[in-house]
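Below is one structure, written out as structure tokens; comments come after it.
Any read-out appearing in this document is the output of simple, stated calculations on the displayed coordinates, not a laboratory observation. Just so we're clear, the structure is a prediction, and the values are computed from it rather than from any experiment. Glycine also receives a Cβ, built like all others from the backbone with ideal geometry; neighbour counts cover every protein chain displayed.
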Number of protein chains: 2
Amino acid sequence: MQPAVVDEKPHSTPSAPNGPGGVFAAALTPMKDDLAPDAAALIAHCRWLLANGCDGIAPMGTTGEANSFSVGERLTILDALADSGIPGERLIVGTGSASLTDAVEMTRRAVTMGAAGALVLPPFYYKNPSEDGLFAFFSEVIQRVGDARLRLYLYHFPQMSAVPIGITLIERLMTRYPHAIAGAKDSSGELGNMIAMARIPHFRVFSGTERLLLPVLEAGGVGCITAGANVIASITGQLYAAWRRSGALAEARRLQDEVTRQRLLLDSFPMVPGMKAMLARRFNAPAWRNVRPPFVRLAAAQEAALFGKVDEAGIAIP
Amino acid sequence: MQPAVVDEKPHSTPSAPNGPGGVFAAALTPMKDDLAPDAAALIAHCRWLLANGCDGIAPMGTTGEANSFSVGERLTILDALADSGIPGERLIVGTGSASLTDAVEMTRRAVTMGAAGALVLPPFYYKNPSEDGLFAFFSEVIQRVGDARLRLYLYHFPQMSAVPIGITLIERLMTRYPHAIAGAKDSSGELGNMIAMARIPHFRVFSGTERLLLPVLEAGGVGCITAGANVIASITGQLYAAWRRSGALAEARRLQDEVTRQRLLLDSFPMVPGMKAMLARRFNAPAWRNVRPPFVRLAAAQEAALFGKVDEAGIAIP
């Protein structure tokens with residue numbers, strides 16, 4: 001018997017009941033040998049992820065190398081996803097750009113394709129923007145899209161964008177656009193920041209790493225949108241399911257420890273080329289190794305080291 | 001009489017004689033009230049700059065808010081410039097993007113429009129890329145453009161791109177692409193780095209600030225590509241002319257001190273909104289104040305403070 005735990009009822013997300021949650025994979029983008037995106041392979045990957053532990057997919061994020069593609073290429077991918085039959089409620093689509101007008105165009109497409117959300121970076125070229133400037137950017141995006149169906153998720157990833165999205169900015173945006181601003185993906189890795197975000201009413205917080213999935217759920221967050229889910233979604237999905245079950249908190253904690261162990265191993269290699277190499281091996285599909293600059297493929301020795309560690313750790317892609 | 005100076009002959013740039021040099025303005029981009037770029041106003045601004053101290057124009061750079069525009073908007077601006085009659089030899093066009101395919105498309109257009117150079121940022125979304133990854137990015141740009149007329153200037157601006165372009169990367173690129181790689185704009189503000197770049201044979205170095213124009217010229221550089229030239233090109237042009245004249249080094253030094261004083265004053269305000277406000281006042285053209293987020297206009301009090309300081313310093317826009 002497990003010890004008595006405080007959670008007697010299945011967990012839910014009372015502060016933001018209607019909307020996506022759970023384990024979302026920040027999907028890798030398969031490419032052809034000329035580095036063009038392979039939309040058919042991406043859709044196959046998304047289906048496979050949904051069948052193997054993922055509640056949803058976040059295509060065209062950092063892990064998806066979105067900002068290495070042109071807007072035209074990104075829109076072509078969104079069109080293919082819209083036509084794929086994957087339900088829009090399973091999709092939170094990355095639509096951020098340094099360019100205001102590009103962000104507007106892609107965010108509008110996310111809405112019209114019926115995606116559950118649009119994940120929007122701050123404009124990331126100009127550094128140290130004022131809070132007023134960031135507020136103006138997101139205001140322009142929301143007003144120019146001009147569609148009541150928009151559910152915008154703020155993408156906080158200061159290590160990559162170099163432009164943080166602070167709590168006071170979120171509060172200003174939530175006050176002004178309480179329907180359009182739906183939540184955030186926090187890839188900072190800082191649990192304290194995620195907890196502070198999760199305290200904002202009606203604001204859905206996804207951890208950007210599965211390493212913090214359970215703590216974020218316990219703090220009122222709704223799930224994770226993560227790179228790792230491309231290869232370790234099964235166990236992460238089990239963790240989320242345990243959290244949702246009555247009386248399974250100890251099981252959830254055990255699973256979190258294992259998820260954390262696996263994720264830390266992945267973190268010790270270049271994530272995108274590393275996971276692509278793992279999928280290339282799993283599916284005997286060499287094209288999975290293609291990446292766009294500035295990423296580079298793992299060298300053969302690096303790849304062998306990764307595979308050795310992955311196998312030793314018992315990470316088995318289903 | 002001036003004291004005897006070591007420079008008896010007019011200065012030239014022996015290591016890289018054929019190519020653009022002098023004072024290039026990183027042109028501000030005028031916008032309509034809906035924040036669409038105003039190509040006609042931009043061309044008028046370029047003509048005015050060329051008539052008032054500039055040797056050339058570098059449109060669609062950081063100061064031109066290029067990365068806040070869509071690729072379509074940027075190409076429209078390049079088309080308008082191509083049709084304007086401004087000689088291509090006067091233009092070094094910003095064509096950088098986080099996206100490989102966007103950078104290729106814009107760089108190709110810079111070549112076909114006859115621009116003297118394309119100024120290309122490193123891919124600036126993914127941080128801490130490997131040198132191999134950056135080499136692969138620029139290699140792909142050069143090979144995909146595939147045009148012997150390409151003269152690519154590397155845009156080193158670590159404070160903004162957060163992705164430095166190091167000397168060893170430049171040397172690798174120069175070895176592999178000795179014709180396509182033409183030089184760099186160094187906006188780091190670090191004279192030591194500019195001097196190291198200028199030591200590379202056949203590599204044209206532009207300082208990213210007029211504050212270091214004379215030291216860079218003395219180190220073998222060819223000029224500057226600067227924001228400040230939008231409003232202080234006249235005196236900067238005088239400085240460059242003095243450098244080129246025989247026996248006028250002391251005059252050049254005096255002018256450098258004055259240019260530095262004026263530039264430091266500009267640096268004490270948000271540069272792009274500040275210079276746009278100065279031009280709005282000068283030409284009684286309120287639309288000059290339009291900026292794209294994340295930039296914001298100066299508040300009225302801030303603008304008054306800027307104008308007060310500018311007037312007190314004797315900075316007069318011609």
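Quick notes
- Kirkwood estimate for the protein assembly as shown, i.e. one over the average of 1/r between Cα atoms, Å: 26.0 Å
- Between A:T76 and A:N52, the contour length at 0.36 nm per residue exceeds the Cα-Cα span by 6.1 nm.
- Chain A Cβ-axis minimum, rotational copy B, residue and distance in Å: A:A162, 2
- The amide H of B:M31, built 1.01 Å from its N in the peptide plane, has B:D38, B:N290 as neighbours under 5 Å, considering only residues 5 or more places off or on other chains.
- Distance from the Cα centroid of the stretch B:91-117 to that of the stretch A:15-76 is 29 Å (rounded to whole angstrom).
- Over chain B, relative contact order from alpha-carbon pairs under 8 Å, at least 6 apart, %: 20 percent
- Over chain A, dividing the summed -39,500 (n - 2.57) contributions of all DSSP H runs of at least 4 residues by the number of residues returns a 222 nm mean residue ellipticity of -13500 deg cm²/dmol.
- Gaussian network model of chain B, springs between alpha carbon atoms under 10 Å - residue of B:D33, B:D132, B:D257 with greatest fluctuation: B:D132
- The phi torsions of the stretch A:284-289, fed into the Karplus equation with coefficients 6.51, -1.76 and 1.60 and a -60° offset, translate into couplings of 6, 10, x, 4, 4, 6 Hz, rounded to whole numbers, with Gly and Pro shown as x.
- Taking only the Cα atoms of the stretch B:254-318, the ratio Rg/Rh comes out at 0.98, with Rh defined as the Kirkwood radius.
- The stretch B:22-247: C-alpha pair distances exceeding 20 Å, %: 56 percent
- Rounded Å value of the spacing that divides the Cα centres of the stretch A:260-318 and the stretch B:125-158: 26 Å
- Note on the stretch B:108-153: with charges restricted to the Cβ of Lys and Arg (+1) and Asp and Glu (-1), its dipole about the Cα centre is near 260 debye.
- Choice from B:K276, B:K127, B:K185 showing the highest fluctuation, given a GNM over chain B with Cα pairs closer than 10 Å: B:K127
- Across A:K127/B:K185; B:K32/B:K127; B:K127/B:K185; B:K127/B:K276; A:K185/B:K276; A:K185/A:K276, pairs whose alpha-carbon gap is larger than 25 Å: B:K32/B:K127; B:K127/B:K276; A:K185/B:K276
- Packing-based exposure ordering (other Cβ within 10 Å, fewest first) of A:S268, B:S161: A:S268, B:S161
- Annotation: amide H-H contacts under 5 Å for A:L119 (H modelled 1.01 Å from N, sequence separation of 5 or more, or interchain): A:V93, A:G94, A:T95, A:Y153.
- Positive contributions from Lys and Arg (+1) and negative ones from Asp and Glu (-1), summed over other residues with Cβ under 12 Å from the Cβ of A:F283, come out at +4.
- Lys, Arg +1 and Asp, Glu -1 on Cβ, resulting dipole of the protein assembly as shown about Cα centre, debye, nearest 20: 80 debye
- Amide H to amide H, with H built 1.01 Å from N, B:F124 comes under 5 Å of B:A98, counting only residues 5 or more places away or on other chains.
- Sequentially through the stretch A:182-188, phi angles give Karplus couplings (6.51, -1.76, 1.60; θ = phi - 60°) of 9, x, 8, 9, 10, 9, 5 Hz, Gly and Pro residues having no value and appearing as x.
- With eigenvalues of the C-alpha gyration tensor scaled by 5 and rooted, the stretch A:140-268, Å: 28, 16, 13
- Within chain A: Cβ-based charge dipole about Cα centre, in debye rounded to nearest 20 (Lys, Arg +1; Asp, Glu -1): 180 debye
- DSSP bridge pairs, the protein assembly as shown: antiparallel proportion in percent, nearest 5: 5 percent
- For the stretch B:21-176, the relative contact order is 18 percent, taking Cα pairs closer than 8 Å that sit 6 or more residues apart in sequence and dividing their mean separation by the residue count.
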